[in-house]
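Read through the structure below, which is laid out as structure tokens, and then see the notes.
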Amino acid sequence: ERLVQKCIEVRGVKVKIADVPVPVPYGSAFEGEVVRRADMRIEFGGKKSRCFEYLRMVELDDVTDGKVEVIGPGFEDIEPGGFMDVGIVVDVAGRGMQEDFEPVLERQMHYFVNGASGIQHIGQRDIAWVRIATSAADKGFSLEHFGKILHARYHDDFGAIVDKVQVTVYTDPDLLQEWLGKAREAYDYRNKRLANLTDNAVEEFYTCTLCQSFAPDHVCIVSPERLGLCGAYNWLDCKASFSINPTGPNQPIHLGKVIDTTKGYWEGTNDYAKVGSHGSVEEIAMYSIMENPMTACGCFECIVMLLPETNGVMVVSREDPSMTPSGMTFSTLAGMAGGGLQTPGVMGVGKFYLISPKFISSDGGFKRVVWMSSVLKESMADELAAVASREGDPELLDKIADERNATTVDELMAWMEEHNHPALVMDAIF
């Protein structure tokens, strides 16, 4: 079942087509397809399980090209509509491959998997969420086919740098946890590469259109101090992506004339907003949630939302299923934050944007955060403590409530007053 490449003539232009060995139709027409719960055979990730994706570069001799292995049970014994934990690890090797290309290729899994009919892929890294429709499972789609898709597409799209691709799908609980730990170490390393690079030090930002199959009018602009809302692409990743594929989803935006450095307006970013959104977005303020905020698709790691009564904002993690002070859970809020809509006061973000000095900096910055999912407070404890010190309030994190302290606005207001949260005395946010 090797990758077969055909060339056909279409109006005099040669078009290369990749035959992907899966038992369901495959092609760009199926990108953005939604698998409803009623039509679902199985899901990986989401509220009840964990799904992660990790791509790493290895030596040529350490990869068996085309090898796809599932370690652990399949989903055959899971009841229809059920869930299970899955980890997908991709080993790639190539004479043109570089470590900096790892996150670029890893993020392509979203695009590649979505090409299969009856398969829905949302998210990335360790918060990926995949559904297989009953119709696809009935045709024989199994865990092994994820590996076959990835092997075929990496060779087809990145053959200039990738010579070998091997995929291992983990469902064995112990091995899955072991590889999840390795993956998170790699994610953390990638996140910290940009520590000393600022928006003011570069002359161009980058576009990202990988998620436009789900939200055609969404525009994602990535800068050194604002990573992509998926959390998987930062400025260096986009730069590497452009070097790999100059006509791909990550294009440079020449900033040009500065319009407003406080709110984050440039001629170049505004021009791209109009073009990239097909005219639905006129301007984007890179550093504001209240004025022309950046749009989102559905792959964001967190949702930031204004809570007017508190003069601040809450931050809800995709991994948090609990009720928030807005009266909505993450899944309900996602309908407001996603879809390419530009809604002042609501914004999808990557979680590491929270620690950036540019995080809603024109609206008061991190001191505006009055409520935050506990999973973020705990998993990013060291990084958030450093932000609190940078803001001049080392105890700030203790003043921010979570779902264990407040699930209504009244409870949150009482918590803020008891802990003397700085948002109570800040200028009005709107």
Examine segment 282-299 for a residue that is open to solvent by 10 Å² or more (accessible area, probe 1.4 Å), not hydroxyl-bearing (S, T, Y) and not in a loop (DSSP other than H, G, I, E, B), and state whether such a residue exists. no
Could you tell me which residue of segment 339-370 is surrounded by the most Cβ atoms within 10 Å (Cβ to Cβ), considering only residues that are in contact with a Ser or Thr (Cβ under 7 Å, 6 or more places away or on another chain) and farther than 19 Å from V219 by Cα? V370
From the option list V315, V349, single residue qualifying as of a type outside the set (K, R) and at pLDDT 95 or above is V315
Considering segment 296-337 alone, what residues qualify as being under 18 Å from R226 (Cα atoms), small (G, A, S) and touching a residue at least 60 places away in the same chain (Cβ under 8 Å)? A296, G298
Somewhere in segment 134-142, is a residue among the charged types (D, E, K, R) and either in contact with a strand residue (DSSP E or B) (Cβ under 7 Å, 6 or more places away or on another chain) or closer than 29 Å to L376 by Cβ (or both)? no
Within segment 252-277, of all residues that are under 15 Å from H218 (Cα atoms) and within 22 Å of the chain's Cα centre (by Cα), the one most open to solvent (accessible area, probe 1.4 Å) is Y272
Inter-residue pairs, beta-carbon under 8 Å, first touching a residue at least 40 places away in the same chain (Cβ under 8 Å) and in segment 374-388, second of a type in the set (A, V, I, L, M) and assigned to a helix (DSSP H, G or I), 6+ apart: L376/L354; L376/L384
Restricting attention to segment 1-38, report how many residues are at pLDDT below 75, surrounded by 10 or more Cβ atoms within 10 Å (Cβ to Cβ) and either aliphatic (A, V, I, L, M) or part of a loop (DSSP other than H, G, I, E, B) (or both). 8
Scan segment 408-423 residue by residue and report those that are within 16 Å of L396 (Cα to Cα) and surrounded by 15 or more Cβ atoms within 10 Å (Cβ to Cβ). L412, M413, W415, M416, H419, H421, P422, A423
Quick check on segment 243-264. Is at least one of its residues touching a helix residue (DSSP H, G or I) at 6+ places or on another chain (Cβ under 6 Å), of a type in the set (D, E) and touching a residue at least 12 places away in the same chain (Cβ under 8 Å)? no
Selection over segment 47-65 where residues are in a loop (DSSP other than H, G, I, E, B) and either open to solvent by less than 20 Å² (accessible area, probe 1.4 Å) or without any contact (Cβ under 8 Å) to a residue 40 or more places away in the chain (or both) yields a count of 5
Within segment 300-321, how many residues are surrounded by fewer than 21 Cβ atoms within 10 Å (Cβ to Cβ) and farther than 22 Å from R125 by Cα? 2
Go through segment 140-188 and give me each residue that's among the charged types (D, E, K, R), more than 17 Å from L105 (Cα to Cα) and in contact with a Gly (Cβ under 6 Å, 6 or more places away or on another chain). D172
Condition met for D91 (open to solvent by less than 60 Å² (accessible area, probe 1.4 Å) and either under 18 Å from E144 (Cβ atoms) or not in a loop (DSSP other than H, G, I, E, B) (or both)): yes
Which residue out of L194, L175 is modelled with pLDDT under 85 and over 15 Å from T295 (Cα atoms)? L194
Take V369 and tell me if it is closer than 21 Å to R318 by Cα and among the β-branched types (V, I, T). yes
Do any helices (runs of 4 or more DSSP H) lying entirely in segment 337-430 carry at least 2 residues that are more than 29 Å from E283 (Cα to Cα), hydrophobic (A, V, I, L, M, F, W, C) and over 27 Å from the mean Cα position of the chain (by Cα), and which ones are they? 409-419
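The values are calculated or read from the model by the stated rules, or taken from the named source; none is laboratory data. This is a predicted model, so every value here is computed, not measured. We place every Cβ from the backbone using ideal geometry, glycine too, and count neighbours over all the protein chains shown. Calculation scope for accessible area: heavy atoms of the full protein, side chains included, ligands and nucleic acids excluded. Shrake-Rupley method; radii C 1.70, N 1.55, O 1.52, S 1.80 Å.
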